[in-house]
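Colleague: Please find one structure pasted underneath; my questions will follow.
The values are calculated or read from the model by the stated rules, or taken from the named source; none is laboratory data. Just so it is clear, the structure is predicted and the values come from calculations on it, not from any experiment. Here the Cβ is made from the backbone with ideal geometry for all residues, glycine too, and neighbour counts use every protein chain on show. Please note that ligands, DNA and RNA were not included when accessible areas were found on the heavy atoms of the full protein model with its side chains. Shrake-Rupley method; radii C 1.70, N 1.55, O 1.52, S 1.80 Å.
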Amino acid sequence: GKTITYIVATTPGGGYDTYGRLIARYLQKYLTGSRVIVKNVPGAGNIIGANQIYAARPDGLTIGMFNTGLIYDQLIHRNGVQFDLTKFSWIGKAASEGRALLIANASGLKSFDDMLKTKAPIKFAASGIGAASYNDTRILADALHLNVQIINGFTGNEGEMSMLRGEVAAQVGSVDSLEQFVKNGHGFWGLSLSGSADELPGVPRASSYVKDARGKQMLALLQALSEMGRLTAGP
């Protein structure tokens, strides 16, 4: 007879929303007599939704999902963070996901090597400052000495739509969220950021381009976060 609110800290339509709604459907099935409502709470690179989950009454009726890129925000003490990731109730993980660099066909680029040769800043789509896509792009640009211009504010599948319109050239994200874009012939994988050689066979790996110790440390952090995707948490 209880209603559970499952907060998704993004707009509808993207990978986190898809996972959240899939999880909510089965929660309702197996928690007999319950009602599970998905509530989208986007904003500030998932910070607003994560804050709401953290501040909720710990009665089991408010749980949710947010971008694990918030680890970065806590490390650097970003303004607006009102949570402590070490004090969430970690409930479960739906997937471990490889992350990759997606390049749009409309960009005119044919490979990651073309990116390295480009002198003008390359426009990357990203969520709000603080989200994984933003931080991953910053880390990748620094570790691989890429000249990038990050365009913020894209949530859900808005980044792919911008790539189709030719507004941005590339995007960093999880493979399962972006693979349909590739299957539909709109783009290609430029670089695999995963630590696993089995992820995206035939695609160049970021580790092969990193030469210095600092770059390798930064890439290792990025790879570690890809192992913590799609987590469900409570207060």
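Colleague: Roughly how many percent of the accessible protein surface of the chain is carbon and sulfur, given a 1.4 Å probe and a whole-percent answer?
Modeller: Answer for the chain is 53 percent, counting heavy atoms of protein chains only.
Colleague: So what is the 222 nm mean residue ellipticity for the chain from helices alone, if each DSSP H run of at least 4 adds -39500 (n - 2.57) and you divide by all residues, rounding to the nearest 500 deg cm²/dmol?
Modeller: -10000 deg cm²/dmol
Colleague: Which aspartates and glutamates have a Cα lying under 19 Å from the Cα of residue 119, excluding residues fewer than 8 positions away in the same chain?
Modeller: Of all the aspartates and glutamates, those that pass the test against residue 119 - Cα under 19 Å, at least 8 places apart if same chain - are 142, 167.
Colleague: Computed FRET efficiency, Cβ-Cβ of residue 221 and residue 78, R0 22 Å: what is it to the nearest 0.05?
Modeller: That gives a FRET efficiency of 0.85.
Colleague: Now for a separate question. Output the 0 to 90 degree angle, nearest 10, between the alpha-carbon long axis of helix 15-30 and the longest principal axis computed from the alpha carbons of the chain.
Modeller: Result, in degrees: 30.
Colleague: Label-point separation (nm) for residue 120 and residue 213, each offset 7 Å from Cα along Cα-to-Cβ?
Modeller: Between residue 120 and residue 213, the simple spin-label model gives 3.9 nm.
Colleague: Here's something else I'd like to know. What aspartates and glutamates does residue 93 reach when the alpha-carbon gap must be under 13 Å and sequence neighbours fewer than 8 apart in one chain are set aside?
Modeller: 227
Colleague: Percent of Cα-Cα pairs per 5 Å bin, from 0 to the last occupied bin, for the stretch 109-171, please list those.
Modeller: Histogramming the stretch 109-171 at 5 Å steps yields 4, 19, 29, 27, 16, 5, 0 percent.
Colleague: Excluding ligands and nucleic acids, what accessible area in Å² is computed for residue 148 using a 1.4 Å probe, to the nearest 10?
Modeller: About 40 Å², ignoring ligands and nucleic acids.
Colleague: Between Rg and the Kirkwood Rh of the stretch 149-228, both from Cα atoms, what is the Rg to Rh ratio?
Modeller: Details: Rg = 13.7 Å, Rh = 14.0 Å.
The Rg/Rh ratio comes out at 0.98.
Colleague: Where does helix 213-226 land angle-wise versus the long Cα axis of the chain, in degrees 0 to 90, nearest 10?
Modeller: The two axes meet at around 40 degrees.
Colleague: Which value results when the Cα radius of gyration for the stretch 93-235 is divided by 2.2 N^0.38 Å?
Modeller: Normalised by 2.2 N^0.38 Å, the Cα Rg of the stretch 93-235 equals 0.98.
Colleague: On to the next question. Give me the extension gain from residue 27 to residue 161: residue separation times 0.36 nm, minus the current Cα-Cα distance, reported in nm with one decimal.
Modeller: Stretched out fully, the residue 27 to residue 161 stretch lengthens by 45.1 nm.
Colleague: List the pairs from 87/183; 39/216; 39/183; 39/87; 39/117 whose alpha-carbon separation is above 32 Å, in the order I gave them.
Modeller: 87/183; 39/216; 39/117
Colleague: Continuing with the same structure: Amide H neighbours of residue 173 under 5 Å, at least 5 residues apart or on other chains, H built in the peptide plane: list them.
Modeller: Long-range HN contacts for residue 173: 100, 102.
Colleague: Follow-up question, since we're still on this one. Under 20 Å Cα-Cα from residue 2, which aspartates and glutamates qualify once same-chain neighbours fewer than 8 residues away are excluded?
Modeller: Straight-distance partners of residue 2: 59.
Colleague: If contacts are Cα pairs under 8 angstrom and at least 6 residues apart, what is the relative contact order of the stretch 72-202 in percent? Spell out each step's value before the answer.
Modeller: On the way: 181 pairs, mean separation 48.4, N = 131.
Dividing the mean separation by the residue count of the stretch 72-202 yields 37 percent.
Colleague: Work the Kirkwood hydrodynamic radius out for the stretch 1-80: mean of 1/r over every pair of different alpha-carbon atoms, inverted, in Å.
Modeller: 13.1 Å
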